[in-house]
Amino acid sequence: MDAYIEQSGLGRILAKVKNGERLTIDDGRALYHHPNILALGYLANIVREWKNGNQAFFIYNQHINYSNICVNLCKFCAFGREKGHALAYEMTLEEVKDKVRQRLDEPIDEIHMVGGLHPDLPFSYYLALLRGIKELRPDVHIQAFTCVEIHHLAQMAGMSVEHTLRQLIDAGLGSIPGGGAEVFSPRVRQATCEKKISGEGWLEVAKTAHRLGIKTNATMLYGHIETIDERLAHFDALRQAQDETGGFLAFIPLAFHPKNTAMAEHASTTGIDDLKNIALSRLMLDNFPHIKAYWVMIGPKLAQVALAFGADDMDGTVKEEKISHMAGAQTEQALGHRTLIRLIKEAGRQPVQRDTLYNVLAAY
Ligand code: V47
């Protein structure tokens, strides 16, 4: 296979990957433009197996979207609604608790909870959500509120991000999901989500969380107006931040779903671009422990293939995903944990059920 990679003109990058040398932006550009997807997968798989062996992780989790009311209304988003809109909703504390109660008989290890940027819910509401969930499920890990939401809560409450995070942690916040990163490029942000905090702002919230001992994830929303160089600059900023703090757990490339958005003229991503973003993120983010193939966005079948292209995690059971389904995702709302195990086994990997922090709960 090494001779095959050399014939593909990637011998120099192969040598770097094998020596554990950091790839440059120029290397990344050459890889993105390279037509041989198998060669890219082979390179990414070296890093993937070096970091995670043959293991492929999944988690038993539940998603709760407490409200879609949002003051930002990003052009790529089909989920957010202005307050007062017919499709706007906000759950009461009891409604969120009911979502948790409905599934108390399932062995859920993580609750993933995000929402829009609400204009007037008080900070006490968010603290009550965390405390209410913990009352019902004391052992569950709550991964909630993106860096963008945390920045918004801090502004609304007139508190620093650090103080806001300290209070959320005290109420039960366990870690922070990777949403809201989009593409850090100011050009892309200006054109698609001008009201959202800047890339630097997003990274600052993540680094503050890391300094307080909280792990976070990171994402990149690809497949719309961003250029290859803007994707690479995004990776570079993340890898620099990770060099500083070491607080990122997983990176999740998110395939843009155009339906019902203000950017509906864009075509959906292709399987090749999805695999390229998995492989490139694995190769460029050399200091990130995990790369997730989020089956909700790319489909369980391609997520299975992605396990040979750099990904080592399929996320989890999920249940009731709204953000991509409102944007036209055709995938299921949930996968049973037996299905996840089967998908992973058939991909030739060892299924490992994990908790949020990647402690092993069961290996199959
Ligand atoms: O922040 C919004 C993205 C994110 C669309 O941390 C869209 O483990 C595709 O971040 N098409 C939310 N994507 C989801 C997210 C996530 C999901 C699963 C696991 C984790 C994790 C994080 O979805 C948003 C935004 O970047 N998004 N609209 C769309 N039309």
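The values are calculated or read from the model by the stated rules, or taken from the named source; none is laboratory data. Every value quoted in this text rests on a predicted model; they were computed, and no experiment measured them. A quick note on method: Cβ atoms are made from the backbone with ideal geometry, for glycine too, and the neighbour counts reach across all protein chains shown. Side chains included, ligands, DNA and RNA excluded: accessible areas come from the protein's heavy atoms. Shrake-Rupley method; radii C 1.70, N 1.55, O 1.52, S 1.80 Å.
General observations
- Output for the stretch 183-199, where each listed residue is out of contact with any Gly (no Cβ under 8 Å at 6 or more places or on another chain) and of a type outside the set (A, V, I, L, M, F, W, C): Arg187, Gln190, Thr192, Glu194, Lys195, Ser198, Gly199
Conditions (1) under 29 Å from Glu135 (Cα atoms); (2) surrounded by fewer than 22 Cβ atoms within 10 Å (Cβ to Cβ), marked per residue:
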position: Glu182; (1), (2): no, no
position: Gly199; (1), (2): no, yes
position: Trp202; (1), (2): no, no
position: Ala206; (1), (2): yes, no
position: Ala209; (1), (2): yes, no
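- Residue check for Asp236: closer than 25 Å to Ile176 by Cβ and either open to solvent by 10 Å² or more (accessible area, probe 1.4 Å) or out of contact with any Lys or Arg (no Cβ under 8 Å at 6 or more places or on another chain) (or both): yes
- Looking only at residues of the stretch 254-286 that are assigned to a loop (DSSP other than H, G, I, E, B) and under 16 Å from the mean Cα position of the chain (by Cα), we find that the one that is farthest from Ala218 (Cα to Cα) is His257.
- Pair list, Cβ under 8 Å, 6 or more apart: the stretch 246-267 residue more than 18 Å from Thr146 (Cα to Cα) and β-branched (Val, Ile, Thr), other residue part of a loop (DSSP other than H, G, I, E, B) and within 8 Å of the ligand (Cβ to nearest atom): Thr261/Phe76; Thr261/Cys77; Thr261/Ala78; Thr261/Ala327
- Qualifying residue in the stretch 58-75 (condition: surrounded by fewer than 21 Cβ atoms within 10 Å (Cβ to Cβ), among the charged types (D, E, K, R) and outside any loop (DSSP other than H, G, I, E, B)): no
- Qualifying residues in the stretch 250-302 (those that are of a type in the set (Phe, Trp, Tyr) and within 22 Å of Asn45 (Cβ to Cβ)) - the one most open to solvent (accessible area, probe 1.4 Å): Tyr294
- Test: residue in the stretch 293-302 that is part of a loop (DSSP other than H, G, I, E, B), within 12 Å of the ligand (Cβ to nearest atom) and either modelled with pLDDT of 85 or more or in contact with a strand residue (DSSP E or B) (Cβ under 8 Å, 6 or more places away or on another chain) (or both): yes
- The set of residues in the stretch 226-243 that are touching a helix residue (DSSP H, G or I) at 6+ places or on another chain (Cβ under 6 Å) and aliphatic (A, V, I, L, M) comprises Ile228, Leu232, Ala241.
- So Gln155, is it under 21 Å from Glu82 (Cβ atoms), open to solvent by 30 Å² or more (accessible area, probe 1.4 Å) and of a type in the set (S, T, N, Q): yes
- Residue match in the stretch 315-332 (condition: open to solvent by 20 Å² or more (accessible area, probe 1.4 Å) and away from the ligand (no atom under 13 Å from the Cβ)): yes
- Matching helices (runs of 4 or more DSSP H) fully within the stretch 87-199 where at least 3 residues are more than 29 Å from Leu361 (Cα to Cα) and within 16 Å of the ligand (Cβ to nearest atom): 147-157, 186-192
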